[in-house]
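Taken together, the values in this text are just the output of simple stated rules run on the coordinates, not laboratory data. Source: prediction; values computed, not measured. Every residue, glycine among them, receives a Cβ derived from its backbone with ideal geometry; neighbour counts consider all protein chains shown.
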Amino acid sequence: MLNTRASVDARHARAGKDAGLYNEDGELFASIDSFQAKAAFNNLKYSPLGQNRELEANNTYALTLTFSEIKVEDGYLFNQLMAAVADGESPVITLDGVIEGRNGSQERVTYRECIFSGDNDIQNVASGDVIKQAFSMFCNGKVERRSALTI
């Protein structure tokens with residue numbers, strides 16, 4: 001066996017049941033069934049004279065959040081979305097993504113100044129399916145890792 005270190009211990013693997021998405025008041029969005037935060041890095045490409053290799057230098061990055069919510073009632077996010085549609089102005093929302101560790105540790109990331117971006121579901125219905133709404137947000141504020149997951 002090549003890897004005798006066993007740095008990845010399956011007993012500590014986390015699943016969706018161990019995660020949650022919270023609003024800025026610390027209230028869990030209980031009907032959220034999936035959540036994803038992604039960072040996209042936009043580098044500048046260049047090739048120095050006399051060299052045939054292309055290089056990249058860091059330029060900007062963007063952070064997006066996507067999640068879906070099981071439709072139980074008109075919840076906070078849906079109400080915020082409908083207000084944005086009515087007013088033509090997206091609310092600014094702070095969210096906390098949390099993953100609970102088996103040992104009581106917690107990975108907690110705060111996403112500040114998030115606004116609706118791209119496609120967001122108002123109604124998305126299919127026969128024979130649980131009704132869900134997809135939301136997409138862009139994070140304009142500081143992203144902060146407030147605690148780390150450990151084993």
Of Val92, Val125, Val109, the most mobile residue in a GNM of the chain (C-alpha springs, cutoff 10 Å) is Val125
In whole percents, the bins of 10 Å from zero upward hold the Cα-Cα pairs of the chain as 9, 30, 27, 20, 10, 3, 0
Charge dipole of the stretch 17-147 built from unit charges on the beta carbon (Lys, Arg +1; Asp, Glu -1), centred at mean Cα; most positive-end Cα among Pro91, Asn58, Gly20 is Asn58
For the stretch 9-20, Karplus-derived ³J(HN,Hα) couplings (6.51, -1.76, 1.60; θ = phi - 60°; whole Hz; x for glycine and proline) come out as 9, 4, 5, 9, 4, 10, 10, x, 5, 9, 10, x
The size of the Cβ-based charge dipole (Lys, Arg +1; Asp, Glu -1) of the chain about the Cα centre, to the nearest 20 debye, is 920 debye
extent check for the stretch 17-60: Cα max minus min per principal axis, descending, whole Å, gives 58, 21, 13
Given a Förster distance of 30 Å, the FRET efficiency implied by the Cβ-Cβ spacing of Arg11 and Lys38, rounded to the nearest 0.05, works out to 0.60
In vacuo Debye sum over C-alpha of the stretch 102-144, base-10 log of normalised intensity I(q)/I(0) at q = 0.19 Å⁻¹, listed in q order, is -0.74
